[in-house]
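Read the figures in this text as sums done on the coordinates, not as results from a lab. Nothing here was measured: the structure is a model prediction, and the numbers come from that model. Glycine gets a Cβ as well: all are built from the backbone with ideal geometry, and neighbour counts include every protein chain shown.
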Amino acid sequence: MHADYAQGSTDGPRLSRRSRRCESAMCNSVGDMSSRTTRWARLPLYLGGMMGPFGTTVIVPMFPELRENLSASSAAVSWGFTIYMLPFAAALLVSGTLGERWGRRRSVRSAFLVFAIASLLCAVAPNLAVFLIGRALQGVANAFITPLLVAGLAEVVEPAAFGRSVGIYSSFQAAGGGLAPVVGGLAADVNWRWAFVGVAIMAALLATAPPPGEPRIDAAAPEFRPLLTRRMLVFGGGVFFAAAGPIGIAVLVGVTARDELHLSGGAAGLLLLCGPLAAMITGPWWGRLLDNWGPRRSGLVATAAATTVGGFLALGTTPVSLAMISAASGALVGFVIVVVQSLASTVVDGNRGGALSFVLAFRFLGHGIGPVIWIPVLGMSVPGALIGAASLGIITFAAFWVVTRPSNTALHSPA
């Protein structure tokens, strides 16, 4: 018995080391499985990020066909873009907070279903009035999608990697914005209504995989008051001018491609793909740069660069030159969007969705108003409209300078 005990005491440490190695291997295996599960949990959020940009810009290359088929003028058809943006922006002021109260899962699923129904309404519209009603409903539905998806993303990734995750999310948004003109242009060459049928199918599929998040009531319900601060209003104002200018300048590029360069719908869609494709490729890199640089340096560099390169679009007098400058502009616009979404989703503790939706309301209000201002100018002077739109980024730079100062700790503290 003593010999057995002695032998056991000799094997004990060996078995213990073996056991530790097994436990370590098992932990690594479980960690890998958890990481893969987390990635799969993020995928529907990333794919959902494509929906808003896709639905927004799908009509840009089909303006001539909409004019002819719906018996409307260019100015009237341009409201198909603006009427989507204005209700979207108005609803965004409250949609994030309401969505957090009602529960992200239920809110996003319902929003995708409404988006699908509105898209079918656009597809079967017999006249411009019905088409515009469908577009307005799309905008309202999207207000309950975008901010809650990013808020859901903030809950499933580590804070240190959040910038990179927002960069990937922005890449999917760019992919949606890039595919939309291609699909819209190709559909315009056949039958523009099929583009909206495709959007309806896409939204219905995404409704099956909403982000996690149950209703929050009583004391747990997020409040609106922290959103109504001077800093938040300055931040939102800066984002508004960016959207009415350098961020939203692709709309002017699309109209220029059709009306000035006389490209077909499909060719204009491919040209418009250059910017979002560049943003999609560079998005994760911008996210890592944001994690390393922080919001102040990233925001100022991104805004200054996007403003400068946006002005160079006035030099794009051929399809090739316009496509090349659009690619550079699109990549830098993607950097601005990564900074805005990351900063807005972490600025108000306890109401990520509400803060992001509040800031995005200013962004999409700018997207809606920008074409109304600049498309008439475009008819008089293409360079004047492009340089004028890009120059609004100067106001955005000033706003970012103010709201990201080190003394404004609320914008630097993680939520």
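When a/c reaches 1.5 or more, the comparison of a/b and b/c decides; with that in mind, is segment 84-125 rounded, prolate or oblate per its Cα gyration tensor? Oblate is the answer for segment 84-125, as a/c is 1.5 or above yet b/c matches or exceeds a/b.
Look at the Cα gyration tensor of segment 287-383: its axes a ≥ b ≥ c give a/c of at least 1.5 with a/b at or below b/c, and that counts as oblate.
Taken one residue at a time, the phi angles of segment 385-391 give Karplus couplings (6.51, -1.76, 1.60, θ = phi - 60°) of 5, 5, 5, x, 5, 4, 5 Hz. Gly and Pro are set to x. Net charge of the neighbourhood of GLY163, taken over other residues with C-beta under 12 Å away and scored Lys/Arg +1, Asp/Glu -1, is 0.
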